[in-house]
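The structure is given below, and queries will be raised subsequently.
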């Protein structure tokens, strides 16, 4: 019998993540939630995304609504600066960068009771100087450079993106998903908001193309070709995958499998998928870091 840790959850061929920047487009957020919910009720596939929130953009009247949304499981939280007017690069002082990184995390935790694990750099760009500050507070940063991410070759402080825009067609969104599957990559899509208007208003995506894209994603997820995750989930999974090993003990009746993960147990507690193969069958089992499971012979 053979055991291996799968590169993606459920042994999918590729991965996909929606990240919705700024956190202040509430009507759009409600539409997205309803689309995700309808697809789940119809297919059993739970699409989800990460809300990258700029502290100064969040209306106090929406905080309780966001809390409910995070509880729903369709969204989780990432930090996106205090006021969106900072570049995470050598043009900004180290003192300013530390203050923004630290205060963004602290303020969002105060708002929602959730400590953001990841950061999404706003306009102004980022470089190694800025990333070295972010490493003190977060486990990853989505920078925004336009490219597909290939596991085992990802700089965790320069996660590439596919940018959603009004002018993009159904075919372009479909092709990006297909490319993730074909290449074994992880596509991280940057969205701002979804619009039902005909004109572009601040990096918007057409409502119709978003519905098409979500349905196509659900179809591919049903056939286990792609894993749809949040930014935080994918980062946790892939970082654990990179560092973990399997410890296997065998007796006459069963195997004892332990997922050995040296990372911080208070942060890295996301289940990985292991594939169990023998001559005739292949099955997948989820296992938590540093958990032991038993598999009969």
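Since every read-out is calculated from the coordinates, none of them should be taken as a lab result. None of the values given here were measured: they were computed from a predicted structure. Counting neighbours? That spans all protein chains shown, and the Cβs are built from the backbone with ideal geometry, glycine included.
Between rounded, prolate and oblate, where does region 125-224 land on the alpha carbon gyration tensor, with a ≥ b ≥ c its root eigenvalues, rounded for a/c under 1.5, else prolate if a/b exceeds b/c?
oblate
Kirkwood Rh, Cα Rg: Rg to Rh for region 245-296?
1.01
I'd like the distance separating the alpha-carbon centroids of region 109-141 and region 246-277, in whole Å.
For region 109-141 versus region 246-277, the Cα centre distance is 30 Å.
Going by how many other beta carbons lie within 10 Å of each one, how would you line up 178, 146, fewest first?
The most exposed by this proxy come first: 146, 178.
When the chain is treated as a GNM, springs tying every alpha-carbon pair under 10 Å, which of 208, 21, 158 comes out with the largest mean-square fluctuation?
Maximum among the listed residues: 208.
If one takes the longest principal axis of the Cα atoms in the chain, at what angle in degrees, from 0 to 90 and to the nearest 10, does the Cα axis of helix 207-222 lie?
Approximately 10 degrees, to the nearest 10.
Using only Cα atoms, locate the centre of region 191-241 and the centre of region 4-22, then give the distance between them in Å, rounded to an integer.
Between the Cα centre of region 191-241 and that of region 4-22, the gap is 11 Å.
Give the relative contact order (percent, whole number) for the chain; include only Cα pairs under 8 Å separated by 6+ residues.
25 percent.
Among bridges DSSP assigns within the chain, what percent are antiparallel (round to 5)?
Counting DSSP beta bridges with both partners in the chain, the antiparallel share is about 40 percent.
Okay, next question. Using Cα-only point scatterers and the Debye equation, what is log10 of I(q)/I(0) for the chain at each q in 0.08, 0.13 Å⁻¹, rounded to two decimals?
With no solvent term, the Cα-only Debye profile gives -0.36, -0.93.
Once Rh for region 1-151 is found with the Kirkwood sum over Cα pairs, what is the Stokes-Einstein diffusion coefficient at 20 °C and 1.002 mPa s, in µm²/s?
For the chosen part, D equals 128 µm²/s.
Still on this model: Can you tell me the 0 to 90 degree angle between the C-alpha axis of helix 94-112 and the longest principal axis of the chain, rounded to 10?
Value to nearest ten degrees: 80.
Also, I was wondering about something else. What is region 188-297 by shape, rounded, prolate or oblate, if you read a ≥ b ≥ c off the alpha carbon gyration tensor as root eigenvalues and call it rounded for a/c under 1.5, prolate for a/b larger than b/c, and oblate otherwise? Intermediate values should be presented prior to the final figure.
On the way: a/c = 5.17, a/b = 2.15, b/c = 2.40.
It comes out oblate by the Cα gyration axes.
Let me ask another. Let me know the shape class of region 1-41, please: from the alpha-carbon gyration tensor, a ≥ b ≥ c as square roots of the eigenvalues, rounded when a/c is under 1.5, otherwise prolate if a/b is greater than b/c, or oblate.
Values: a/c = 5.34, a/b = 2.38, b/c = 2.24.
Prolate, since a/c reaches 1.5 and a/b exceeds b/c.
Then there's this: With axes computed from alpha carbons, what is the tilt in degrees of helix 26-43 against the longest principal axis of the chain, rounded to the nearest 10 within 0 to 90?
That works out to roughly 30 degrees.
Who wins for biggest fluctuation among 115, 265, 13 in a Gaussian network model of the chain, springs between alpha carbons below 10 Å?
Maximum fluctuation in the GNM of the chain, among the listed residues, is at 265.
For region 206-264, state the average projected area of the convex hull of the C-alpha atoms over all orientations, rounded to one decimal in nm².
Details: hull surface 26.0 nm².
Result: 6.5 nm².
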